[in-house]
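The values are calculated or read from the model by the stated rules, or taken from the named source; none is laboratory data. Computed from a predicted structure; not experimentally measured. Positions of Cβ are backbone-derived with ideal geometry, glycine not excepted, and every protein chain shown enters the neighbour counts. In case anyone asks, the SASA skips ligands and DNA or RNA and just uses the protein heavy atoms, side chains included. Shrake-Rupley method; radii C 1.70, N 1.55, O 1.52, S 1.80 Å.
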Amino acid sequence: MSDKRSIIGLLGALAVALAALFVAGPAQAAPQQGGAKGGHVLVLPAAPAGVTPKSAAANSPTTSPTASRVVHVASGSSVNCTSGSLCTAVWDPTTGDWKVFFLYNCARYSLSYWNGGGYYVDSQTGGVTSYFYGQSGNVLKRFTPDNTVYSYDWTPVWSIRNC
(Lines give C-alpha, C1' and ligand atoms only; values in the text may rest on other atoms or scores of the structure.)
Protein backbone atom coordinates (compact mmCIF):
# COMPACT_ATOMS: atom_id res chain seq x y z
CA MET A 1 0.00 0.00 0.00
CA SER A 2 2.85 2.40 0.79
CA ASP A 3 4.32 1.77 -2.70
CA LYS A 4 1.04 2.89 -4.29
CA ARG A 5 1.01 6.03 -2.13
CA SER A 6 4.61 6.83 -3.09
CA ILE A 7 3.82 6.49 -6.79
CA ILE A 8 0.67 8.59 -6.45
CA GLY A 9 2.61 11.21 -4.49
CA LEU A 10 5.39 11.26 -7.10
CA LEU A 11 2.88 11.63 -9.93
CA GLY A 12 1.10 14.41 -8.04
CA ALA A 13 4.36 16.30 -7.49
CA LEU A 14 5.25 15.90 -11.17
CA ALA A 15 1.83 17.21 -12.21
CA VAL A 16 2.23 20.28 -9.96
CA ALA A 17 5.72 20.95 -11.34
CA LEU A 18 4.49 20.71 -14.93
CA ALA A 19 1.51 22.95 -14.20
CA ALA A 20 3.86 25.55 -12.70
CA LEU A 21 5.91 25.57 -15.89
CA PHE A 22 2.84 26.27 -18.01
CA VAL A 23 1.14 28.76 -15.70
CA ALA A 24 4.09 30.83 -14.52
CA GLY A 25 6.27 32.55 -17.04
CA PRO A 26 9.03 35.09 -16.77
CA ALA A 27 8.03 38.73 -16.47
CA GLN A 28 8.54 40.52 -19.75
CA ALA A 29 10.21 43.88 -20.17
CA ALA A 30 8.53 44.27 -23.56
CA PRO A 31 5.69 42.43 -25.25
CA GLN A 32 6.53 39.19 -26.95
CA GLN A 33 4.86 38.13 -30.09
CA GLY A 34 4.26 34.81 -31.69
CA GLY A 35 1.97 33.31 -34.22
CA ALA A 36 -1.25 31.74 -33.09
CA LYS A 37 -3.76 29.84 -35.12
CA GLY A 38 -6.23 32.40 -36.39
CA GLY A 39 -4.59 35.38 -34.74
CA HIS A 40 -1.59 36.65 -32.88
CA VAL A 41 -0.41 36.23 -29.29
CA LEU A 42 0.41 39.36 -27.31
CA VAL A 43 2.31 38.94 -24.01
CA LEU A 44 1.91 42.06 -21.91
CA PRO A 45 4.80 43.37 -19.80
CA ALA A 46 4.83 44.84 -16.30
CA ALA A 47 2.97 48.06 -15.54
CA PRO A 48 4.16 51.14 -17.42
CA ALA A 49 6.80 53.27 -15.69
CA GLY A 50 5.46 55.86 -13.27
CA VAL A 51 2.13 54.11 -12.69
CA THR A 52 0.71 54.55 -9.22
CA PRO A 53 -1.24 51.86 -7.36
CA LYS A 54 -4.94 51.40 -8.09
CA SER A 55 -6.96 54.48 -7.35
CA ALA A 56 -10.67 54.85 -6.71
CA ALA A 57 -10.47 58.32 -8.29
CA ALA A 58 -9.11 56.92 -11.57
CA ASN A 59 -11.25 56.11 -14.60
CA SER A 60 -11.18 52.92 -16.63
CA PRO A 61 -10.33 53.30 -20.35
CA THR A 62 -13.34 52.89 -22.67
CA THR A 63 -14.33 53.07 -26.33
CA SER A 64 -17.46 54.30 -28.04
CA PRO A 65 -18.90 52.35 -29.71
CA THR A 66 -18.07 49.45 -27.44
CA ALA A 67 -15.39 47.07 -28.71
CA SER A 68 -16.61 43.63 -29.79
CA ARG A 69 -14.64 42.11 -26.90
CA VAL A 70 -12.75 43.54 -23.92
CA VAL A 71 -10.56 41.54 -21.52
CA HIS A 72 -8.34 42.38 -18.57
CA VAL A 73 -4.90 40.78 -18.69
CA ALA A 74 -2.38 40.64 -15.85
CA SER A 75 1.19 41.70 -16.48
CA GLY A 76 3.20 38.85 -17.96
CA SER A 77 0.09 37.10 -19.25
CA SER A 78 -0.82 36.60 -22.87
CA VAL A 79 -3.89 37.13 -24.98
CA ASN A 80 -4.63 35.90 -28.51
CA CYS A 81 -5.57 38.71 -30.88
CA THR A 82 -8.01 36.78 -33.01
CA SER A 83 -7.93 36.99 -36.78
CA GLY A 84 -10.00 39.90 -38.06
CA SER A 85 -9.34 42.15 -35.05
CA LEU A 86 -7.20 45.17 -34.32
CA CYS A 87 -6.20 44.60 -30.70
CA THR A 88 -5.15 47.46 -28.45
CA ALA A 89 -3.81 47.26 -24.89
CA VAL A 90 -3.98 50.18 -22.48
CA TRP A 91 -3.17 50.23 -18.76
CA ASP A 92 -6.27 50.33 -16.56
CA PRO A 93 -5.46 52.23 -13.35
CA THR A 94 -8.72 51.11 -11.72
CA THR A 95 -7.83 47.42 -11.86
CA GLY A 96 -4.02 47.52 -12.03
CA ASP A 97 -3.80 45.44 -15.20
CA TRP A 98 -3.93 45.74 -18.99
CA LYS A 99 -7.28 46.28 -20.67
CA VAL A 100 -7.30 44.76 -24.16
CA PHE A 101 -9.86 45.95 -26.71
CA PHE A 102 -10.70 43.76 -29.72
CA LEU A 103 -11.78 46.19 -32.46
CA TYR A 104 -13.48 43.86 -34.93
CA ASN A 105 -16.46 45.78 -36.33
CA CYS A 106 -15.57 48.50 -38.83
CA ALA A 107 -16.03 51.80 -36.99
CA ARG A 108 -14.37 54.93 -35.72
CA TYR A 109 -13.90 54.32 -31.98
CA SER A 110 -13.72 57.34 -29.68
CA LEU A 111 -11.36 56.77 -26.76
CA SER A 112 -11.82 57.91 -23.17
CA TYR A 113 -9.17 57.76 -20.43
CA TRP A 114 -6.47 56.22 -22.63
CA ASN A 115 -3.25 57.53 -21.13
CA GLY A 116 0.39 56.55 -21.36
CA GLY A 117 2.13 53.78 -23.19
CA GLY A 118 0.42 50.69 -24.48
CA TYR A 119 0.46 48.24 -27.36
CA TYR A 120 -1.40 47.21 -30.47
CA VAL A 121 -1.33 44.37 -32.98
CA ASP A 122 -3.32 44.35 -36.22
CA SER A 123 -4.62 40.87 -37.07
CA GLN A 124 -7.28 42.11 -39.48
CA THR A 125 -7.78 40.55 -42.88
CA GLY A 126 -8.66 41.93 -46.29
CA GLY A 127 -5.94 44.56 -46.66
CA VAL A 128 -7.69 47.27 -44.63
CA THR A 129 -5.99 50.48 -43.49
CA SER A 130 -6.37 51.64 -39.88
CA TYR A 131 -5.87 55.10 -38.42
CA PHE A 132 -5.08 56.73 -35.07
CA TYR A 133 -6.49 60.27 -34.84
CA GLY A 134 -5.58 63.21 -32.59
CA GLN A 135 -7.88 65.69 -30.85
CA SER A 136 -8.50 67.79 -33.98
CA GLY A 137 -9.12 64.73 -36.17
CA ASN A 138 -5.58 64.81 -37.57
CA VAL A 139 -4.07 61.46 -38.58
CA LEU A 140 -1.37 60.45 -36.10
CA LYS A 141 -0.65 57.03 -37.61
CA ARG A 142 -1.79 55.05 -40.63
CA PHE A 143 -1.04 51.32 -40.95
CA THR A 144 -2.09 48.01 -42.50
CA PRO A 145 -2.20 44.56 -40.87
CA ASP A 146 1.16 42.87 -40.36
CA ASN A 147 0.66 40.84 -37.13
CA THR A 148 3.51 42.69 -35.41
CA VAL A 149 3.22 43.98 -31.85
CA TYR A 150 3.91 47.72 -31.58
CA SER A 151 4.20 49.98 -28.56
CA TYR A 152 2.36 53.28 -28.73
CA ASP A 153 1.70 56.31 -26.53
CA TRP A 154 -2.09 56.52 -26.27
CA THR A 155 -2.16 59.98 -24.65
CA PRO A 156 -2.49 62.00 -27.89
CA VAL A 157 -4.89 59.47 -29.51
CA TRP A 158 -8.55 60.51 -29.37
CA SER A 159 -10.00 57.95 -31.78
CA ILE A 160 -9.17 54.84 -33.82
CA ARG A 161 -10.65 53.74 -37.13
CA ASN A 162 -9.94 50.09 -37.86
CA CYS A 163 -11.02 50.07 -41.50
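Structure data summary
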item: Which numbered condition Cys106 misses (of (1) under 22 Å from Phe143 (Cβ atoms); (2) modelled with pLDDT of 95 or more; (3) not in a loop (DSSP other than H, G, I, E, B)); result: (3)
item: Search result, residues across segment 118-144 that are open to solvent by 40 Å² or more (accessible area, probe 1.4 Å) and either touching a residue at least 40 places away in the same chain (Cβ under 8 Å) or outside any loop (DSSP other than H, G, I, E, B) (or both); result: Thr125, Tyr131, Val139, Leu140, Lys141, Arg142
item: Every pair of residues 6+ apart whose Cβ atoms lie under 8 Å, when the first sits in segment 92-108 and is closer than 16 Å to Thr82 by Cα while the second is surrounded by 19 or more Cβ atoms within 10 Å (Cβ to Cβ) and among the basic types (Lys, Arg); result: none
item: Residue selected from segment 86-117 under the condition open to solvent by less than 20 Å² (accessible area, probe 1.4 Å) and among the hydroxyl-bearing types (Ser, Thr, Tyr), by the criterion farthest from Ser75 (Cα to Cα); result: Tyr109
